[in-house]
1. Say a site is exposed when it is one of the GluC sites (Glu not before Pro), sits in a DSSP loop, and has at most 14 other Cβ atoms within 10 Å; what is then the longest site-free stretch of chain B?
2. Count, for each residue of A:72-82, the Cβ atoms from other chains sitting within 10 Å of its Cβ, then give me the mean as a whole number.
3. Roughly what would the spin-label model give for B:His172 and B:Asp255, points 7 Å off Cα along C-beta, in nm?
4. Once the convex hull of the alpha carbons of segment B:118-273 is built, what does its volume come to per residue, in cubic angstrom?
5. Taking the Cβ-Cβ separation of A:Ser21 and B:Glu28 as r and a Förster radius of 30 Å, what is the calculated FRET efficiency to the nearest 0.05?
6. Among B:Phe166, A:Phe74, B:Phe81, what is the fewest-to-most ranking by other Cβ atoms within 10 Å?
7. Where the only charges are on Cβ atoms (+1 Lys, Arg; -1 Asp, Glu), what is the dipole of chain B about its Cα centre, to the nearest 20 debye?
8. Whats the longest run of chain A with zero GluC sites (Glu not before Pro) that are DSSP loop and have at most 15 other Cβ atoms within 10 Å?
Amino acid sequence: MRHIPVGEAQVGDRIAEAIYSENGRVLLPVGARLSEAVLSRLSGWGVDRIAVDGEEMPSDEQTRILLEALDHRFIGHEEDPLMMRIKDAARSHLTRHH
Amino acid sequence: MDRDQVRARIEEAGNLPTLPDVVIRIAEMADRAETTGRQLGLEIAKDQVISAKVLRLVNSGFYGFSQPIATVPHAVTLLGFETVKTLVLGSTVLDMMRDALPGLWEHSMACARTSALIAEHALLDDVQEVCTAGLLHDLGKVVLRQSMEDAFRTVVGLVQERDWLFVEAEEHVLGAHHGHFAGWLLEKWGLPDRLVRPIADHHSFHEDQPFARSTAVVHLADILCRAEALGRGGDRKIPRLNPAALEILGMAIDDVLGVMERMSEEMRDIRRV
C-alpha cells in the first residue's frame with residue numbers, strides 16, 4: 001500500500017483503504033479503481049491523502065530525490081546571497097517533512 | 001512571428017477559454033455601480049456549476065477563512081466584487097490548468113496562499129485581490145497551450161532539452177512570455193489593472209511599474225513556491241529574486257524566511273515535487 005497526496009493519484013489506481021466523508025459515509029470502498037470523474041471530485045470532498053495499491057517509497061529515498069531537485073533548481077544562483085538563504089531554508093523544510 | 005502577431009493569435013484564438021454568457025452577464029453586473037453584493041451573489045447562485053466552483057475556490061484554504069463559506073452572497077460580502085468576478089472568470093480556465101502541465105494546479109494553489117501570507121506580512125490593502133493574482137499568475141501557460149499548441153510544444157521541448165526556465169523558452173520562441181499572454185487575455189476580459197498587472201509582470205518586476213507592490217508579492221510568492229517544491233511550474237529551474245521586490249515590500253530576508261516557515265507549516269496538503 002502506498003499513501004499519496006491526492007494530486008499524485010492516477011486514473012486506474014486501486015483504492016487500498018476506504019475513503020470516508022466527514023460524516024462517516026463511505027465515498028470509495030477498498031478495491032475501487034479511480035476514474036477521471038472520481039479523481040476530479042476527490043479534493044472537492046476534502047480528501048488530502050489516499051492509500052492506493054503499490055510499494056511505499058522509502059522516505060529517505062523521497063528526501064534524496066527532493067534534495068537533488070532542489071540543488072538542480074538553484075544552479076546558477078550560487079553567487080546570489082538572497083537566493084542561497086532561500087535555498088537553505090527550503091532544504092531544512094524538505095528534510096524536516098520527509 | 002513578432003510580438004504583435006503573437007498577441008493577435010492569442011486574442012483571436014477560437015479555442016481559448018470562451019466565456020459562457022452567464023459569466024459575461026455576471027462580470028457586467030459586477031462592473032455596474034448600482035449592483036448590490038446581494039444581487040451579484042444571487043445571480044451567480046443561479047448557475048450551479050459556477051457557484052460550486054466559486055465556493056470550492058473560496059473554501060480551498062488559501063483565503064484563510066476560519067469558517068466554511070456556504071453561500072455565494074456570503075462569499076461576495078467577504079471577498080468583494082472584483083475578486084468574485086475574477087474567480088467566476090478564472091473558474092472557466094482553472095480546470096484547463098490541471099491538463100496543461102503536471103503540477104501546475106498545485107503550484108497555482110500554493111502561490112495563491114503564499115501571496116496572501118506575503119501580502120498580510122507587508123500590510124497590503126487588498127490581500128484577497130493579490131491572492132487571486134497569485135492563483136492566476138501562470139494562466140498564460142494555459143493560454144499558450146490553448147491558442148498555439150505547436151509553439152507550446154516547442155517551448156516544452158526546449159525546457160526539457162536545454163534545461164531552461166519556461167519563461168526563457170517562451171521568450172526565445174515567441175518574444176513574449178506567459179505573463180504577457182495572460183495579461184492580454186485578462187485585459188480583453190475587462191479585468192482591472194490592479195489584478196492584471198501583477199499577473200502580467202510577475203517575471204519582469206520593476207519598482208516603477210504601476211501596482212509594483214502587488215507585483216512584487218506575486219514575483220516573490222512564485223519563487224518561494226518553487227524553492228519549497230510546492231507543485232511545478234513546468235520547468236526544473238527557479239528565476240532569480242529581484243531584491244527591489246523585497247525593498248518595495250519593506251521586507252528583509254528574515255521576513256522572507258518567516259513566510260517560508262509558515263508556508264511549510266500550512267501547506268502540508270500540497271504535493272512536493
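Where a number appears in this text, it was derived from the coordinates with a stated rule and is not lab data. It should be emphasised that the depicted structure is a prediction, and the values quoted were computed from it without experimental measurement. Backbone-built Cβ (ideal geometry, glycine too); neighbour counts: all protein chains shown.
1. B:35-206
2. 4
3. Between B:His172 and B:Asp255, the simple spin-label model gives 3.6 nm.
4. 114 Å³
5. So, using R0 = 30 Å, E works out to roughly 0.20.
6. The order, fewest Cβ neighbours first, is B:Phe81, A:Phe74, B:Phe166.
7. It comes to approximately 680 debye.
8. A:23-54
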